[in-house]
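Everything on this sheet refers to the single structure shown next.
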Amino acid sequence: FVALSWLVLQVTGSGLALGTVLMAAAIPRGILMVFGGAIAAMSGALSGLAAGLGAIFPNFKEDNPSKSVSGFGGTFCLVLSFLYILASVVLLGLGAPWTQVKSAEAIIRSVLCLSAFGVLSFALGWVPLQIGLQRVKSFEV
C-alpha cells in the first residue's frame, strides 16, 4: 500500500491523485466493484444512446457543429439521458445491498433492482446503436 501511494505521487506529482488513491483504498472491495460496474454500464449506455441517436437524427442543416446538438436529435438525447440517469440512480439506490437488513426479501429486491438496471442499461445503449448503424449503412448522401 505504501509503495502504491509513493508510486502515484512520483508519477503524477499530485496530492489530489494521492488523496484519491488513499480514499479508494478505504472503500470495501464489494462496494468498489458495484460502483465500478455501475459506472461502466452507464458509460456504455449513454455512449450508445448518443451515438445511435446521432446517426438516427442527424442535423446536416447547421454549418456550426455546436449548434447541431440543439436540433431534435440532440434534445431527444438530452431528455432520454436525463431520464436514464434518474432511473439508474433510483434502481441502484433501491438495490444497494449494503443499505438493507439481510433478509430474503431484501436480497430479492437487490437482485431485481440490479437486474433491472442491467437490462435498462443494455437496452438503452444497444438498441439505439443498432438502429443507428442500420441507418448509417442505408444512408445516401
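Taken over segment 94-115, residues that are among the small types (Gly, Ala, Ser), open to solvent by 40 Å² or more (accessible area, probe 1.4 Å) and under 26 Å from Leu80 (Cβ atoms) amount to 1. For segment 100-116, a tally of residues being part of a helix (DSSP H, G or I) and hydroxyl-bearing (Ser, Thr, Tyr) returns 2. Could you grab me the full set of residues in segment 33-65 that are open to solvent by 80 Å² or more (accessible area, probe 1.4 Å) and either touching a Lys or Arg at 6+ places or on another chain (Cβ under 8 Å) or part of a helix (DSSP H, G or I) (or both)? Answer for segment 33-65, where residues must be open to solvent by 80 Å² or more (accessible area, probe 1.4 Å) and either touching a Lys or Arg at 6+ places or on another chain (Cβ under 8 Å) or part of a helix (DSSP H, G or I) (or both): Met33, Phe35, Ile39, Pro65. Whether a residue is under 17 Å from the mean Cα position of the chain (by Cα) and either open to solvent by less than 70 Å² (accessible area, probe 1.4 Å) or over 26 Å from Ile131 (Cβ atoms) (or both) was assessed, and Gly74 does not pass this test.
Of all residues in segment 46-71, those that are farther than 14 Å from Gly132 by Cβ and small (Gly, Ala, Ser) total 4.
The values are calculated or read from the model by the stated rules, or taken from the named source; none is laboratory data. Keep in mind it's a predicted model, so treat the numbers as computed, not measured. We place every Cβ from the backbone using ideal geometry, glycine too, and count neighbours over all the protein chains shown. Calculation scope for accessible area: heavy atoms of the full protein, side chains included, ligands and nucleic acids excluded. Shrake-Rupley method; radii C 1.70, N 1.55, O 1.52, S 1.80 Å.
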